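Comments concern the structure below.
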Amino acid sequence: MKSFTGRTPSTGEPFTVHCADGRIAAIEAGAPGESAWLTPGLIDLQVNGYCGDDLNADDLTIDTVQSLAHRMLATGVTTFLPTLITASEEKIIRSLRIITAARQADPLLMYMIPFVHLEGPHIAPDDGPRGAHPREHVRPPDLAEFQRWQDASGDLVGMVTLSPHYPGSSEYIHALSARGIHISLGHTSASADQIHAAATAGARLSTHLGNGVANLLPRHPNLIWTQLAEDRLTATFIADGHHLPADTLTVMMRAKTVQRAALISDLVTLAGLPPGEYVTPVGGKVYLHPDGRLNVAGTPYLAGATATLKDAIAYVANNTGFSLGDATLMATANPGRFAGERGLLRVGATADLLLFRWEQGCSTLAIEDVLVQGQSWL
Ligand SMILES: [Zn+2]
């Protein structure tokens, strides 16, 4: 039996977790004096790549997926959803097959990757809400295509981000929700009525709320107010200081409340690389600034996210009035509800743990240990 002692960010109280056979066997009060924080491993619902590993590359390989999983572990993430963006059906199916093969080749990946998040291709075609997704591959929802994704990958798609502005969106959302697929609304130009109808049909998430939206919106009603008001939707947020100003993020999280807010990284392949100019296959020239801001070169437009989930937790705890306890819930139990009920410290749960140090003002968490199914990876 292995034991780990730390403080819980919710109350600051020390406690000890005893692990056996990869699971939490007991939890008890710990000795005072411990200064590290102890939480569930982090859960990231949206990862496109990191440190040069790119899930959306044409030449994706099993090695890329494996390398990415280990890089995620080093950032405290023990569960993540590889995220494929809008592409041809041929490319989506090829990428799904490779991720399936990577999971089958390695029990660690089989566990860390419960399923894949498909962000697109059924998003709004318009400049603005479409973001950096390639317009030529945007298309309406199609149940037959969804079935081909699942047939090719052994049912690997478990989350789909779409825009519910298409006729037939409600039927598609209802059909997928009935099969346990999580539907998230994003990169959308939908009306307030279409957002409510999507939630009624089964949509339960908003993808990076406040981003992937037109630059100008009517003051009200609009799709941001509606998603904030719609309690059936948990919103994911990119909390990096670049995608949303601190005031905007604060108010959006207050509206959703802690329970309905989840942090995502939305990391791209250039995240974690040295600052400078890069050329990307889709976006052309981009510039990675020393503070992590990634711009389309020579413009103010963002070209992707580069802050890891541990950075996002620190950002929220430093800049929004929400506590470290709130911020860790937003990166563990809350996203965990959409990843197979993970992210909880309770007897019988899988022993996915994170030990870290952090104090107010620090821009990230200093990771001391990461455990997946009771096994340490640092
Ligand atoms: Zn996006």
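For the chain, the longest principal axis of the C-alpha atoms and the axis of helix 89-105 are separated by about 20°.
Centroid-to-centroid, using Cα positions, the stretch 252-331 and the stretch 147-193 are 25 Å apart.
Our analysis of the stretch 279-345 gives Rg over Rh at 1.13, with the two radii drawn from alpha carbon positions and Rh computed by the Kirkwood formula. Computed from the Cα positions only, the extents of the chain along the three principal axes stand at 58, 45, 45 Å, in decreasing order.
Summing Lys and Arg as +1 and Asp and Glu as -1 over all other residues whose Cβ lies under 12 Å from the Cβ of P40 gives a net charge of 0. Using every pair of distinct Cα positions in the stretch 82-163, the Kirkwood expression returns a hydrodynamic radius of 13.1 angstrom. Extents of the stretch 47-87, largest first, come to 29, 18, 15 Å (Cα atoms, principal axes, whole angstrom). Beyond 18 Å, what percent of the Cα pairs of the stretch 264-378 remain? So the portion of pairs separated by more than 18 Å is 61 percent. If you take the Cα Rg of the stretch 1-89 and divide it by 2.2 N^0.38 Å, with N the number of residues, what do you get? Working it through for the stretch 1-89, the quotient is 1.47.
Helix 309-319 and the longest principal axis of the Cα set of the chain meet at an angle near 90°. What the Cα convex hull of the stretch 195-269 gives, in volume per residue, is 104 Å³. For the stretch 15-143, the Kirkwood estimate of the hydrodynamic radius, built from every pair of different alpha carbons, is 16.9 Å. Once the Cα atoms are used to define both axes, helix 192-201 deviates from the longest principal axis of the chain by about 60 degrees.
Note on K285: lysines with a C-alpha under 24 Å away, same-chain residues under 8 apart excluded, are K91.
Rule-based calculations on the coordinates, nothing more; no lab input. Quick caveat: nothing in here was measured; it's all calculated off a predicted structure. Every residue, glycine as well, gets a Cβ built from its backbone with ideal geometry; the counts of neighbours run over all protein chains shown.
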